[in-house]
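Report on one structure; see the data block that follows.
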Amino acid sequence: MGKAISIALIVGGIVLLYFGGQAFNSVSSEVSRFFTGSPTNKAVVLIVAGVIATLAGLTGMALSGRKR
């Protein structure tokens, strides 16, 4: 994986985590947590996707530093 793709994944993952945090603290998520005990699906998907993208980017950066 190229360094540019890895950096893009890290930046995209951080952006997804930010928006996931915003969705997690939104009014609709609060209402959902009140009635169901869990946040909205949107918040969960954004946070999970952010973690996966960030980890993929970090892994790509670590592997791109190795010599073949």
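The values are calculated or read from the model by the stated rules, or taken from the named source; none is laboratory data. As the structure is a computational prediction, the values presented were derived from the model and not from experiment. Don't worry about glycine lacking a Cβ; one is built from the backbone with ideal geometry, like all the others, and counts go over all protein chains shown.
Can you name every residue in region 32-49 that is in a helix (DSSP H, G or I) and exposed (fewer than 13 other Cβ atoms within 10 Å of the Cβ)?
Phe34, Phe35, Thr36, Asn41
Report yes if Ile52 is modelled with pLDDT of 90 or more, assigned to a helix (DSSP H, G or I) and surrounded by 14 or more Cβ atoms within 10 Å (Cβ to Cβ), otherwise no.
It is false that Ile52 is modelled with pLDDT of 90 or more, assigned to a helix (DSSP H, G or I) and surrounded by 14 or more Cβ atoms within 10 Å (Cβ to Cβ).
Among the residues of region 37-50, is any small (Gly, Ala, Ser), on the phi < 0 side of the Ramachandran plot and either in contact (Cβ under 8 Å) with a residue 40 or more places away in the chain or in contact with a Lys or Arg (Cβ under 8 Å, 6 or more places away or on another chain) (or both)?
no
Of all residues in region 10-31, which are out of contact with any Pro (no Cβ under 6 Å at 6 or more places or on another chain) and surrounded by 15 or more Cβ atoms within 10 Å (Cβ to Cβ)?
Listed by number, the residues that qualify are Ile10, Gly12, Gly13, Leu16, Leu17, Phe19, Gly20, Ala23, Ser26.
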